[in-house]
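The values are calculated or read from the model by the stated rules, or taken from the named source; none is laboratory data. Remember, it's a predicted structure, so these values are computed and weren't measured experimentally. Please note: Cβ atoms are built from the backbone with ideal geometry, for glycine as well, and neighbour counts cover all protein chains shown. In case anyone asks, the SASA skips ligands and DNA or RNA and just uses the protein heavy atoms, side chains included. Shrake-Rupley method; radii C 1.70, N 1.55, O 1.52, S 1.80 Å.
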Amino acid sequence: MPVKDTRMCKGQAKKELKKQLGSLFKSMDFVSNNFLDSEKMGKKEFQVFFNIYQQLGLAWEFLGLQCKHWDGYKKTKGKKETCKICGKVKGADDFYILLTRKGPLKLGMKVKPNSKKTFETKEDAQIVNDTIDFHGALVNVDVHNSYKSRLFGKGINMAAERIVNVKEENVECNIDGHLIHVRLRDKYRKVRGKRYGGFPWEVRRKDLKHFPVIFDFDEKYRFLGLTILR
Ligand SMILES: [Zn+2]
């Protein structure tokens, strides 16, 4: 049964998150008990441990984002309610910045479809559907298992898929397991009349000249990529 399957996924995620948060809280306690409260410590050394504590705090925020607060909230002294698992205050905005000095910024884990079952609704089949505005470029990652869609009247099964969409100005790129689709959405490229598509060899040579595309290939004519001139 699909329902059982989703619960299993949630159960695993919850278990793993609890484990990670548990060891993180231990590290935070360790730093705060052994170093931040120490009176003998020099200014420089204190700053180092203070920074470590801040960084652990960042890790806490990041892990907290993955928490769906499955076990509910408990009341604290200040009449606030905090999540029993991640300790986040109920109703507080999710706000986080993940900064690293070296290497790429990382947000979330790479996920792929994780079930062979066909779920009743897209909601049940959804694993992740997040969008980030990253320095002006929009990136969306949509990962879902197979589900029954009523989009086209009678129900059809939508395949399990990991779809990545990138939008930069008027260029949109869709990447999934089968296709890489690039679309140019400039104002002057609005379609008038019918829309066509075809392999290059299906297009007449004189019409091919309308397409500013360069193919990359090797000696054996293996396709390596392509460049589109804007
Ligand atoms: Zn939580």
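For the ranges 193-200, 171-178, what's the packing order if you count other beta-carbon atoms within 10 Å of each residue, average per peptide, and put the highest first?
Order by mean packing, descending: 171-178, 193-200.
So how compact is the chain: Cα radius of gyration and Dmax in angstrom?
Rg and Dmax of the chain, Cα atoms, are 25.0, 82 Å.
Using heavy-atom solvent-accessible surface (probe 1.4 Å) with all chains present, what is the largest-first order of D29, D142?
The ordering from most to least exposed comes out as D29, D142.
How would R205, R150 line up by accessible area, probe 1.4 Å, largest first?
Descending order: R205, R150.
Go ahead and set up a Gaussian network model of the chain, Cα springs under 10 Å, then flag whichever of G57, G153, G136 fluctuates most.
G153
Relative contact order, percent, of the stretch 96-230 when contacts are C-alpha pairs under 8 Å separated by at least 6 residues?
Relative contact order for the stretch 96-230 comes out at 13 percent.
Quick one: how many Å² of F217 are accessible to a 1.4 Å probe, rounded to 10?
Answer for F217: close to 110 Å² accessible.
With just the Cα atoms of the stretch 105-186, tell me how far they stretch along each of the three principal axes, in Å, largest first.
Principal-axis extents of the Cα atoms in the stretch 105-186, largest first: 37, 30, 20 Å.
With a 1.4 Å probe and all protein chains left in place, how much accessible area per residue does the chain have, in Å²?
Accessible surface, normalised per residue, equals 83 Å².
If the cut-off is 13 Å between C-alpha atoms, which aspartates and glutamates fall inside it for K75, apart from same-chain ones fewer than 8 positions away?
Within reach: none.
From the protein chains alone at 1.4 Å, what is the descending order of accessible area for I85, I228, largest first?
Reading off the accessible areas and sorting them downward yields I228, I85.
To the nearest 10 Å², what's I156's accessible area with a 1.4 Å probe?
Surface accessible to solvent at I156 totals approximately 70 Å².
Roughly speaking, to the nearest percent, how much of the chain's 1.4 Å accessible area is carbon and sulfur?
With neighbouring chains kept in place, the figure for the chain is 56 percent.
How big is the gap, in Å, between the Cα center of the stretch 175-225 and the Cα center of the stretch 48-86?
Cα centres, the stretch 175-225 to the stretch 48-86: 49 Å.
Which residue fluctuates most in the GNM of the chain (Cα springs below 10 Å): V89, V164, V191?
Highest fluctuation among the options: V191.
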